[in-house]
Amino acid sequence: MAAMSARAVSGRLLPALLAALLALAGAVAAAPPRDEYRAQRAQLLREIGRHAEAMARDGGRPWISRRVLAALERVPRHEFVPESQRRHAYENRPLPIGYGQTISQPYIVALMTELAQPEPGDRVLEIGTGSGYQAAVLAELVGEVYSIEIVEPLARQAAQRLQRLGYANVHTTVGDGYYGWKAHAPYDAIVVTAAAPSVPPPLLEQLKPGGRMVIPVGTSFFTQTLMLVEKRADGKVRTTQLLPVRFVPLTRGEAR
Ligand code: SAH
C-alpha cells in the first residue's frame, strides 16, 4: 500500500519536475551567456540600439527589432574572432579573421538580420560563412541555416566553432556561393555577406516566392550598395537600394 502511494506520488511529481526542469533549460538557453564579456556585450547592444534608432530617424533605415538585438546578445562574438582581436570583439566595427577576410560590423549584422525578417522555422541560406558569426545570429532566430564559404580553412574553423558552441542548426559547406546550395532550396531568406557585381541568378532562383535576399552589390570597394531583393508570391522581383556598405568581394570558384 505504502509502495503504491509512493508510486502514485512519483507518478504525479515526476512529470511536473521534468516540465519544470525543461522550462528552466529553455530559460537558460534563451538567456545571454554568462561569460566575462557579458557587460561589454550588453554595452555594444545598447550602442547598436541607439545607432539603429538614429539611422531609422534620420536615414530612413529600418528599425532593429528587440528580437534581433536579443539574438545578437546571445551570441558570444569574442568566440568568433582570433585571440589577438578578442579585446576588440565588442567594438562596433569589422575585425580581421585571417585570409584577408573580416567579420562584419555588428550593426550591419543586426541590420542584415532584420532585413531578412527571420521567423522561427525558416530555412535561411548564407553566402560567406567567414567566422560563422552571422550564421550563429540567424540560427538563434530561425529553423535551419545553410552557409557556404569558399576559403576552405575558414569554412573548417567556422564549422568546428559552431559545433563547439552548440549551433546544431547551422549546416556549412565549402564552395562557391554564387551557385547557392540547391539541395536545401528553396529558402525563406538569403543573406549574402560578400559583394557581388550583380545579384547571382542561381540565388534568386533558390529564393522562395515571398522570400527576401539581402546582398551587397557593387564592383569596387567604394561603390557597394546593400540591396533588399524581394521575390513576391507571384514570382515578380522588387529590388530596393538601402545604404552604401563595404564588404569583401564575392570571389568566384569553379563552376558546379
Ligand atoms: N558572414 C561572415 C563575414 C564574412 S566576410 C561572418 O559573420 O564572419 C565574407 C566571406 O565571404 C569571406 O569569408 C569570404 O571568404 C567569403 N566568400 C567570398 N566569396 C565567396 C563565394 N563565392 N562563395 C562563398 N563564400 C565566399
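A simple charge model with +1 on the Cβ of Lys and Arg, -1 on the Cβ of Asp and Glu and nothing else charged puts the dipole of region 201-256 at about 100 debye relative to its Cα centre. Between residue 63 and residue 83, full extension at 0.36 nm per residue minus the direct alpha carbon distance yields a gain of 3.9 nm. Mind giving me the FRET efficiency for residue 198 and residue 92? R0 is 30 Å, r the Cβ-Cβ distance, nearest 0.05 is fine. With R0 = 30 Å, the Cβ-Cβ based efficiency is 0.55. Peptide packing for 222-233, 109-120 was compared via the average number of neighbouring C-beta atoms within 10 Å per residue; ordered from the highest value, the list is 109-120, 222-233. Taking the accessible area of the chain, probe 1.4 Å, and keeping the other protein chains in place, the carbon and sulfur fraction comes to 57%. Rounded to the nearest Hz, the phi-derived 3J(HN,Hα) couplings of region 64-72 under the Karplus curve 6.51 cos²θ - 1.76 cosθ + 1.60 (θ = phi - 60°) are 9, 6, 4, 4, 5, 4, 5, 5, 4, where x marks glycine and proline.
Taking the charge dipole of the chain about its Cα centre, with +1 at Lys and Arg Cβ atoms and -1 at Asp and Glu Cβ atoms, the residue from 192, 78, 181 reaching farthest to the positive side is 78. Here the spin labels are modelled as points 7 Å beyond Cα on the Cα-Cβ line, and at residue 39 and residue 225 they lie 4.4 nm apart. The stretch between residue 252 and residue 56 holds 67.1 nm of extra length on full extension. This uses 0.36 nm per residue minus the Cα-Cα distance. Taking the longest Cα principal axis of the chain as reference, the axis of helix 2-30 is set at about 20 degrees.
Length gained on full extension, residue 237 to residue 46: 65.3 nm, using 0.36 nm per residue less the C-alpha separation. Amide H neighbours of residue 102 under 5 Å, at least 5 residues apart or on other chains, H built in the peptide plane: list them. Correct list: 97. Electrostatic tally near residue 145: other residues with Cβ closer than 10 Å to its Cβ, Lys and Arg +1, Asp and Glu -1, net -3. Residues of region 134-156 falling in the label zone of residue 208, defined by backbone nitrogen less than 11 Å from a point 7 Å along Cα to beta-carbon, are 143-144.
The values are calculated or read from the model by the stated rules, or taken from the named source; none is laboratory data. Quick caveat: nothing in here was measured; it's all calculated off a predicted structure. Neighbour counts run over all protein chains shown; Cβ positions are idealised from the backbone, glycine included. These area figures cover heavy atoms from the full protein model, side chains too; ligands, DNA and RNA do not enter into them. Shrake-Rupley method; radii C 1.70, N 1.55, O 1.52, S 1.80 Å.
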